[in-house]
Amino acid sequence: MISVAGSDASPWIRRFADLVPAGGRVLDVACGGGRHARSFLERGHTVTLIDRDTSGVQANHQPTAVTVVR
């Protein structure tokens with residue numbers, strides 16, 4: 001379940017996402033459901049998501065697309 005062009009990412013993420021180098025790794029801390037991670041996945045980044053409750057992430061992402069840390 002990947003959104004179109006990170007449209008559900010916050011304005012702050014959309015504004016600064018281009019500063020991450022192509023192929024760069026992204027760490028999403030307190031990721032919630034992973035909406036910002038989806039934006040970076042669409043851009044081809046490797047993403048690691050960290051949250052105390054990972055149920056939202058596991059429901060919204062393919063297991064091979066992300067690394068989830070609880």
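Numerical summary
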item: Residue match in segment 48-70 (condition: touching an Asp or Glu at 6+ places or on another chain (Cβ under 8 Å), at pLDDT below 75 and among the charged types (D, E, K, R)); result: yes
item: Close pairs from segment 14-37: first touching a residue at least 24 places away in the same chain (Cβ under 8 Å), partner among the aromatic types (Phe, Trp, Tyr), Cβ under 8 Å, at least 6 apart; result: Ala17/Phe40; Val20/Phe40
item: Top-ranked residue in segment 40-58 [being touching a residue at least 24 places away in the same chain (Cβ under 8 Å) and of a type in the set (A, V, I, L, M); ranked as least open to solvent (accessible area, probe 1.4 Å)]; result: Val57
item: Residue that is least open to solvent (accessible area, probe 1.4 Å), among those in segment 15-39 that are modelled with pLDDT of 90 or more and basic (Lys, Arg); result: Arg15
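The values are calculated or read from the model by the stated rules, or taken from the named source; none is laboratory data. As the structure is a prediction and not an experimental result, all values here were calculated from the model. When we count neighbours, we look across all protein chains shown, and the Cβ atoms used for this are built from the backbone with ideal geometry, even at glycine. Ligands, DNA and RNA are stripped out before the accessible areas are found, and what is left, the full protein with its side chains, is counted by its heavy atoms. Shrake-Rupley method; radii C 1.70, N 1.55, O 1.52, S 1.80 Å.
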